[in-house]
Amino acid sequence: MGMMSCPGISVLLSSLLHLALGYLTVTIEPLPPVVVGDAVTLKCNFRTDGRMREIVWYRVTDGGTIKQKIFTFDAMFSTNYSQMENYRKREDLLYQSTVRLPEVRISDNGPYECHVGIYDRATREKVVLASDNVFLNVMSPPVSIAVVAADTPAPFSRYQAQNFTLVCIVYGGKPAPQVYFKRDGELIEVIPMLEPPPAAAGLMNNRDSRNLLNRDMDDTKMQKSLLLLDTEERGPRSFTEVPLRGRTSDQGPMSSPVTEAIPETVVSLEFPRWVHSTDPTYFFHQMHLPMSDGTVEVRAMLTWTLNPQVDNEALFSCEVKHPALTMPMQSEVTLAAPRGPKITMTPTRARVGDTVRMVVQGFQNEVFPEPLFTWTRVGGRLLDGSSEHDGKELVLERVPPELNGSMYRCTAQNPLGSTDTHTRLIVFENPNIPRGTEDSNGSIPVYYSYSRLLLVLILMTVILELT
């Protein structure tokens, strides 16, 4: 009989132990991802038949090494839970503690813990604890999106196929958004690349360049193309810019006067027939750059072999999908060669000794990517002795009379094409500078200024003596 009563004794002891310790379970309701600026309520549910001691909410940071108190309830200093003081009465009651975050920020992202304590039923000095945790996932929609061209400004070449890279920069998203490109509204099929794509020379074979001979041209143009092909036979070189790198000084055929001599009026006939019969191959590379605030900057790169005849006026768009956005976010650009540069000259009526500024104010069309500007003087060098000048502005300081009637050419070019605009400088006489006294730079020599000053002093001395 004693052996058979052991199970009953164990159940009785377990019941007594349960009566002594009390009963406590704690659970936090799970939360879906929230968006920055939303109001969030953290709910901690606990069931107990004991007497409440405290409730503490923690925000956990630095991988769990730091716990910051964000809410505390102490039953010793509150009467809100006075109905629980009769701990002798066995009641299994459900309670809830809530913490409200009115406008969540990215910094609020992370785990939170709810700790609940009740008094031990056997002794008032001992506290039974239980806790649970939840992870608050705070999302942030991208704050900006932009499409730029790599390697701008960049030259245009009629004879060498070029790599062209569009870069879509998306900033401020969490998690990282999904980025994709479209052309004329149609989704582009891409080949993902783990590394940025190689130079354009790797995307075309030698026979593409040899198609230069398949176009209609006269003997002069044939000789120019044969010269370029002969250079290729001696050793292949890539004059294509590498994506996301600066422009190098070695521009290949662009520095040759052969290209310069081709008239702009027949540019539509001057494109070589390295036009691909099929759709171009697009390469896609993406980088994620973590920011200090927890967001991610995404740089998506689309690279292909540029075809100015087909790609000019093509509309490219970068679109972004993100769980915090109700509709895709996009930025678009239209590839276009520069046409009709508008040049202004100040002063409009230049005189000998004036500083003249020639500035490109704009174009007849929207140009993308950014053009490269080169100034030259037709039939001679610039005033400073250089053969050309880069930039939107050309400054001629203290123009001499010898520049009257001189012609200046501004060449604007981007990978889609190039155009030239000429302007003539008319220099008028300056009444403040007597003829024949200005030097080669149009300024008054120092010795002449001293001589004139000495003459004035002598005249003043004679007048004083006579009076």
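Does segment 377-414 hold any residues that are part of a strand (DSSP E or B), in contact with a strand residue (DSSP E or B) (Cβ under 9 Å, 6 or more places away or on another chain) and surrounded by fewer than 21 Cβ atoms within 10 Å (Cβ to Cβ), and which are they?
Of all residues in segment 377-414, those part of a strand (DSSP E or B) come to 377, 380, 389-390, 393-396, 407-414.
With in contact with a strand residue (DSSP E or B) (Cβ under 9 Å, 6 or more places away or on another chain) added as a condition, the list becomes 377, 389-390, 393-396, 407-414.
Across segment 377-414, the qualifying residues are Arg377, His389, Asp390, Glu393, Val395, Met407, Arg409.
Evaluated against (1) surrounded by 13 or more Cβ atoms within 10 Å (Cβ to Cβ); (2) free of Cβ contacts under 8 Å to residues at least 60 places away in the same chain, Gln96 falls short on exactly one condition, (1). Taking first residues from segment 51-69 that are on the phi > 0 side of the Ramachandran plot and partners that are crowded, with 17+ Cβ neighbours inside 10 Å, no Cβ contact under 9 Å between residues at least 6 apart in sequence or on separate chains turns up.
Could you please find all residues in segment 131-162 being in a strand (DSSP E or B), among the hydroxyl-bearing types (Ser, Thr, Tyr) and in contact (Cβ under 8 Å) with a residue 60 or more places away in the chain? Show your work before the answer.
Let us first name the residues in segment 131-162 that are in a strand (DSSP E or B), namely 131-136, 138-140, 144-149, 162.
Filter once more, so that each one left must be among the hydroxyl-bearing types (Ser, Thr, Tyr): 131, 140, 144.
Of everything in segment 131-162, those that are in a strand (DSSP E or B), among the hydroxyl-bearing types (Ser, Thr, Tyr) and in contact (Cβ under 8 Å) with a residue 60 or more places away in the chain turn out to be Ser131, Ser140.
Elements of the type strands (runs of 3 or more DSSP E) sitting completely within segment 281-360 and holding at least 1 residues that are more than 30 Å from Leu394 (Cβ to Cβ) and open to solvent by 20 Å² or more (accessible area, probe 1.4 Å): these cover 282-290, 296-306, 315-321, 329-334.
Which one of Arg183, Arg158 is in contact with a Phe, Trp or Tyr (Cβ under 7 Å, 6 or more places away or on another chain), at pLDDT 95 or above and among the charged types (D, E, K, R)? Give the steps one after another, and end with the answer.
Numbers: Arg158 fails: at pLDDT 95 or above.
Just one listed residue meets the conditions, Arg183.
When restricted to residues that are at pLDDT below 55, part of a loop (DSSP other than H, G, I, E, B) and either small (Gly, Ala, Ser) or open to solvent by less than 60 Å² (accessible area, probe 1.4 Å) (or both), segment 418-467 contains 8.
Go through segment 289-335 and give me each residue that's of a type in the set (Ser, Thr, Tyr) and within 24 Å of Gly37 (Cβ to Cβ). Hits for segment 289-335 are Ser292, Thr295, Thr326, Ser331.
The values are calculated or read from the model by the stated rules, or taken from the named source; none is laboratory data. Since the model is a prediction, treat every value here as computed from it, not as a measurement. All Cβ positions, glycine included, derive from the backbone under ideal geometry; neighbour counts span all protein chains shown. Please note that ligands, DNA and RNA were not included when accessible areas were found on the heavy atoms of the full protein model with its side chains. Shrake-Rupley method; radii C 1.70, N 1.55, O 1.52, S 1.80 Å.
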